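Engineer: Below you'll find the structure I mean.
The values are calculated or read from the model by the stated rules, or taken from the named source; none is laboratory data. Keep in mind that this is a model prediction, so the values were computed, not measured. Cβ coordinates were reconstructed from backbone atoms using ideal geometry, including for glycine residues, and neighbour counts include every protein chain displayed. The accessibility values were calculated without ligands, DNA or RNA, using every heavy atom of the protein model including side chains. Shrake-Rupley method; radii C 1.70, N 1.55, O 1.52, S 1.80 Å.
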Amino acid sequence: MTESQDRFSAEKVARLARLDLSADDLKQLQGELDRILDFVNEINELDLSQVEPFFGAVDSINPIREDQVQPGLTREQALANAPDSDGEFYRVPPVFGN
Amino acid sequence: MKLNLDELINLDVRGLLKLQEQGIASAVEIVGSFHKQIEQENDSLNAILATDFDSAIQQARQVDENRAAGKAVGSLAGIPVVVKDCICTQGITSTAGSKILERFVPPYDATVVERLKASGAVILAKSHMDEFAMGGSNENPHFGAVHNPWNHDCVSGGSSGGSAVAVVARMSPLALGSDTGGSIRQPAAFCGITGLKPTYGRVSRFGLIAFASSLDQIGPMARSAVDVARLANVISGPDKRDSTSANRAAADFSAELETSLAGKRIGICTDHLGKGVAAQVVDAVNQAVAVFESLGAEIVETGLPHTKYAVAAYYLIAPCEASSNLARYDGVRYTTRVDAADLGHMYGRTRAQCFGAEVKRRIMLGTFALSSGYYDQFYLQASKVRRLIKQDYDKALERVDLILGPTTPTAAFRIGELIDDPLSMYLADVFTVSANLAGIPAISFPGGFTDGGLPIGLQLQARSFEESLLLNAAHQFQLQTDWHQRRPA
């Protein structure tokens, strides 16, 4: 793998992360993240080939429950925080624009 | 035998319960008093984001009515609690400190809030925090900085800064915070109070607005270990609605408080007390060692060799998990939206304009570190380092029962000092992130003051599910010292 400076592209990552950033913001973030990536990259000093990853301690994996309907939110409650709604669905702009 | 406002708000939970039991003050009067303190102090401290006084008085009235009718009242009857704003409270805005949720009103209570209400506690206010719990200074870009009551020019610490300030400024005897990399313990240290990060899985995360799902824990904050234990008792325990909650009944955390520490082995990592740690912080640790020795504990030299990689591992794992958890904030469902002609730009503009700088930094970092071609080198590697850190603790905690050290390398820094230097801010987390990575419990409690009058926090760490031992040790320390009783002017 090449040096981190060659790899991290703020512009590409902003697109992946759905962040519409200005050119100035992208420049700022490019610099900050290059520095942060240099720092976090120090973990690659270690030889971890024989180490199993640890993703956090949980007692059970994918616990399931009986498939029985439980009371939940009403539609009104669920849509109460909608930025825009027709009373039935969340309403959003069209995918390809007007 | 009436108390004035000042005396009342200085009482601990036991004192406030007794006032009610003896008929000296009602729950309504108690809640009214703390509400008044919020009104008097919040303008200068900015610890509280929202209150719903009508609802609080209603809860208090219910407690008074139950008591008058001879019905059972809960263990925290009439006791106000301030709740960090990333914890959902039905009918009260829960913003997670972000513009993107500034008008979000949850339709349900978090499990911990349900449990508090069932215990008779009164939800008094929602406290300020770093945006989405990402930060160590509570210098929030949308809602302003929280000020440290010991020195208003200094940070409160974060991300549970509002909760820590509310407790030390006597706005509430109890508060809930959340801790992902130190966000309960660090503000507790900076503000001179006691804060516990429980074992991962000990407290339900249902209703906690998620930052990093394998690291987040809600935890209790109060002035003393005794009161932290009372609050821990109410909020802990398994919850079917959180599949990561541990399948083990909560202990009574108050039961072991008075146990002698004679024979307990306390580990010190001497190489944690070197360069970068303020001299007065080192002094406080050494003084604490003397106190614990006088209580019969045995001090043992110990080591956590991979600490130097902990911050790097944390600042990969947490942003990766955050990038996934924050993907849902896209302008579709949660009140805030920046309009656009097409869906993609609506997502992009809402997120770019309504997330602050630190949140965007971490989303970018996490998105990159999980992306195709980089996942192995960054996220997977960091997760392997996480295994080594866990193993460090497993080994150390075979030889000792507790690990003692400073919570932070320095006392509170000045507002504005580190906000433009994210890396320096991250490095200040060196002593707190490892407990989250390993999942073990840790407590911060007051251990002294700097010459400048700023609190110094000490940290104890223990094996998984041994919160009782942490509280026991902190309480025994607090019987010998009075740092935790001091009050800012």
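Engineer: What do you reckon, is B:Ile403 part of a strand (DSSP E or B) and of a type outside the set (D, E, K, R)?
Structural biologist: Working: part of a strand (DSSP E or B): yes; of a type outside the set (D, E, K, R): yes.
Answer is yes for this residue.
Engineer: Right, next: Out of region B:194-210, which residues are among the hydrophobic types (A, V, I, L, M, F, W, C) and either open to solvent by less than 10 Å² (accessible area, probe 1.4 Å) or under 13 Å from the mean Cα position of the chain (by Cα) (or both)? Write out each step before concluding.
Structural biologist: Within region B:194-210, the subset among the hydrophobic types (A, V, I, L, M, F, W, C) is B:196, B:203, B:206, B:208-210.
Hits for region B:194-210 are B:Leu196, B:Val203, B:Leu208.
Engineer: Consider B:Ala72 carefully, then state whether it is in a loop (DSSP other than H, G, I, E, B) and among the aliphatic types (A, V, I, L, M). Step through it out loud before you land on a result.
Structural biologist: Values: in a loop (DSSP other than H, G, I, E, B): yes; among the aliphatic types (A, V, I, L, M): yes.
The answer is yes for B:Ala72.
Engineer: Scanning region B:80-105 for residues that are more than 19 Å from the chain's Cα centre (by Cα) and in a loop (DSSP other than H, G, I, E, B), which turns out surrounded by the most Cβ atoms within 10 Å (Cβ to Cβ)? Reasoning before the result, please.
Structural biologist: Going residue by residue through region B:80-105, those that are more than 19 Å from the chain's Cα centre (by Cα) are B:90-93, B:99-105.
Still in the list and also in a loop (DSSP other than H, G, I, E, B): B:90-91, B:93, B:102-105.
On the way: B:Gln90: 18, B:Gly91: 13, B:Thr93: 17, B:Glu102: 17, B:Arg103: 13, B:Phe104: 20, B:Val105: 16.
It comes out as B:Phe104.
Engineer: List every residue pair whose Cβ atoms lie under 7 Å apart, where the two residues are 6 or more positions apart in sequence or sit on different chains, the first residue falls within region A:34-45 and is farther than 16 Å from B:Val385 by Cβ and more than 8 Å from every other protein chain (Cβ to nearest Cβ), and the second residue, located anywhere, is assigned to a helix (DSSP H, G or I) and among the polar types (S, T, N, Q).
Structural biologist: Within 7 Å, the pairs are A:Asp34/A:Ser4; A:Asp34/A:Gln5; A:Asp38/A:Ser4.
Engineer: Here's a follow-up. From (1) over 8 Å from the mean Cα position of the chain (by Cα); (2) assigned to a strand (DSSP E or B), pick out the condition that doesn't hold for B:His142.
Structural biologist: (2)
Engineer: Can you tell which of B:Ser213, B:Ser172, B:Ser243, B:Ser254 is buried (at least 22 other Cβ atoms within 10 Å of the Cβ) and assigned to a loop (DSSP other than H, G, I, E, B)?
Structural biologist: Sole residue among the options that is buried (at least 22 other Cβ atoms within 10 Å of the Cβ) and assigned to a loop (DSSP other than H, G, I, E, B): B:Ser172.
Engineer: Does at least one position in region B:348-365 carry a residue that is facing another protein chain (nearest Cβ under 8 Å), modelled with pLDDT of 95 or more and outside any helix (DSSP H, G or I)?
Structural biologist: Looking through region B:348-365, at least one residue is facing another protein chain (nearest Cβ under 8 Å), modelled with pLDDT of 95 or more and outside any helix (DSSP H, G or I).
Engineer: Taking the condition within 14 Å of another protein chain (Cβ to nearest Cβ), farther than 17 Å from B:Ile443 by Cβ and open to solvent by less than 10 Å² (accessible area, probe 1.4 Å), does B:Met129 pass?
Structural biologist: Working: within 14 Å of another protein chain (Cβ to nearest Cβ): no; farther than 17 Å from B:Ile443 by Cβ: yes; open to solvent by less than 10 Å² (accessible area, probe 1.4 Å): yes.
Criteria not met by B:Met129.
Engineer: Given B:Asp451, B:Asp420, B:Asp429, which one is within 14 Å of another protein chain (Cβ to nearest Cβ), surrounded by fewer than 18 Cβ atoms within 10 Å (Cβ to Cβ) and in a loop (DSSP other than H, G, I, E, B)? Even if it seems obvious, please write down each step before you answer.
Structural biologist: On the way: B:Asp451 fails: within 14 Å of another protein chain (Cβ to nearest Cβ); B:Asp429 fails: surrounded by fewer than 18 Cβ atoms within 10 Å (Cβ to Cβ).
Exactly one of B:Asp451, B:Asp420, B:Asp429 is within 14 Å of another protein chain (Cβ to nearest Cβ), surrounded by fewer than 18 Cβ atoms within 10 Å (Cβ to Cβ) and in a loop (DSSP other than H, G, I, E, B), namely B:Asp420.
Engineer: Can you name every residue in region B:274-296 that is open to solvent by 10 Å² or more (accessible area, probe 1.4 Å), in contact (Cβ under 8 Å) with a residue 60 or more places away in the chain and not polar (S, T, N, Q)? Step through it out loud before you land on a result.
Structural biologist: Step one: filter region B:274-296 for residues open to solvent by 10 Å² or more (accessible area, probe 1.4 Å), giving B:274-280, B:282-283, B:286-287, B:289-291, B:293-296.
Those still in the list that are in contact (Cβ under 8 Å) with a residue 60 or more places away in the chain too: B:276-278, B:280, B:282-283, B:287, B:289, B:291, B:294-295.
Once the filter is applied, which keeps residues that are open to solvent by 10 Å² or more (accessible area, probe 1.4 Å), in contact (Cβ under 8 Å) with a residue 60 or more places away in the chain and not polar (S, T, N, Q), region B:274-296 yields B:Gly276, B:Val277, B:Ala278, B:Val282, B:Asp283, B:Val289, B:Val291, B:Leu295.
Engineer: If you scan region B:324-375, which residues turn out to be in contact with a His (Cβ under 8 Å, 6 or more places away or on another chain) and open to solvent by 20 Å² or more (accessible area, probe 1.4 Å)? Let's see the steps before the verdict.
Structural biologist: Initially, region B:324-375 is screened for residues in contact with a His (Cβ under 8 Å, 6 or more places away or on another chain), giving B:356.
Residues satisfying the conditions do not exist here.
Engineer: Next up: Considering only region B:8-40, state which residues are part of a helix (DSSP H, G or I) and open to solvent by 60 Å² or more (accessible area, probe 1.4 Å).
Structural biologist: So in region B:8-40, the residues part of a helix (DSSP H, G or I) come out as B:8-9, B:13-21, B:27-40.
Result: B:Arg14, B:Lys18, B:Glu21, B:Glu29, B:Lys36, B:Glu39, B:Gln40.
Engineer: So which residues in region B:216-233 are hydrophobic (A, V, I, L, M, F, W, C), open to solvent by less than 20 Å² (accessible area, probe 1.4 Å) and either within 13 Å of chain A (Cβ to nearest Cβ) or part of a helix (DSSP H, G or I) (or both)? Steps first, answer last, please.
Structural biologist: The initial filter retains those residues of region B:216-233 that are hydrophobic (A, V, I, L, M, F, W, C), namely B:218, B:221-222, B:225-226, B:228-229, B:231-232.
Checking the rest, the ones that are also open to solvent by less than 20 Å² (accessible area, probe 1.4 Å) come to B:218, B:221-222, B:225, B:228-229, B:231-232.
Across region B:216-233, the qualifying residues are B:Ala225, B:Val228, B:Ala229, B:Leu231, B:Ala232.
Engineer: Take B:Ala322 and decide whether it is within 30 Å of B:Val291 (Cβ to Cβ), modelled with pLDDT of 95 or more and more than 7 Å from chain A (Cβ to nearest Cβ).
Structural biologist: Details: within 30 Å of B:Val291 (Cβ to Cβ): no; modelled with pLDDT of 95 or more: yes; more than 7 Å from chain A (Cβ to nearest Cβ): yes.
In short, no.
Engineer: Also, I was wondering about something else. Only helices (runs of 4 or more DSSP H) wholly contained in chain A count here; list those with 1 or more residues that are among the charged types (D, E, K, R) and either within 23 Å of B:Leu326 (Cβ to Cβ) or open to solvent by less than 40 Å² (accessible area, probe 1.4 Å) (or both).
Structural biologist: Values: elements: A:4-7, A:10-16, A:23-40, A:75-79.
Filter on chain A gives A:4-7, A:10-16, A:23-40.
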